[in-house]
1. Could you give the size of the charge dipole of region 23-139 about its Cα centre, using +1 on the Cβ of each K and R and -1 on the Cβ of each D and E, expressed in debye and rounded to the nearest 20?
2. Compute the relative contact order of region 23-139 as a whole-number percentage, counting only Cα pairs closer than 8 Å that sit 6 or more residues apart in sequence.
3. Beta carbons within 10 angstrom, averaged per residue: use that to sort the peptides 103-111, 28-36, 123-131, highest first.
4. Taking the Cα centre of region 23-139 as the origin and placing charges on Cβ (Lys, Arg +1; Asp, Glu -1), which of A76, I39, T63 is farthest toward the positive end of the dipole?
5. In angstroms, what radius of gyration and Dmax does region 59-103 have, counting Cα atoms only?
6. Given 4 °C and 1.567 mPa s, compute D for region 23-139 with the Stokes-Einstein relation, Rh being the Kirkwood radius over Cα pairs; round to the nearest whole µm²/s.
Amino acid sequence: MLHSILILLSFMAGESSSPVLRAPPTGCRVADSTSVRVIDYVQKLLESTEPADDALRRALELTNVSAAQVSLVTTAKDCTKAGGALDEAAGVSGSGRSVYLIRAGTERFFVYDPDSDAGEYRPLYVLDAKFVILRALLVW
């Protein structure tokens, strides 16, 4: 039955009669309570006076980034690149994951995929401007 529906939908869309199953597009998650929580975490990291947070900021090269420079990214192209970096790290491709992508300054991104599981905590990935994973922080 599902095969018949796919053929019908493909035909109606002007495609060939052979259905092609594709992974859903990778994309950005919308602003919601989770994005607020991630942004809040990043801003607190940038404002903290704790020695451990200061060391982490230095390691991530975030010493010249202020909390005001933290924002939610909703550009599909950037979210696709970030999702692709997470896929590569997980050894998969085309997962179609949707992520929360947070920009911190001009050179760093924080990526959170609430569907990722790392046991008790969830990973919050830090990427550079070329979408290369620098570090995974375990949060929440």
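Every number here is computed from the coordinates shown, using simple stated rules; none is lab data. Remember, it's a predicted structure, so these values are computed and weren't measured experimentally. Heads up, the Cβs are rebuilt from the backbone with ideal geometry, glycines too, and the neighbour counts pull from every protein chain shown.
1. 280
2. Reported as a whole number, the value is 26 percent.
3. Taking the mean over residues of other Cβ atoms within 10 Å, the ranking is 103-111, 123-131, 28-36.
4. Going by the Cα projections, it comes out as A76.
5. In order Rg, Dmax, the Cα atoms of region 59-103 give 12.8, 35 Å.
6. Estimated via Stokes-Einstein, D reaches 91 µm²/s.
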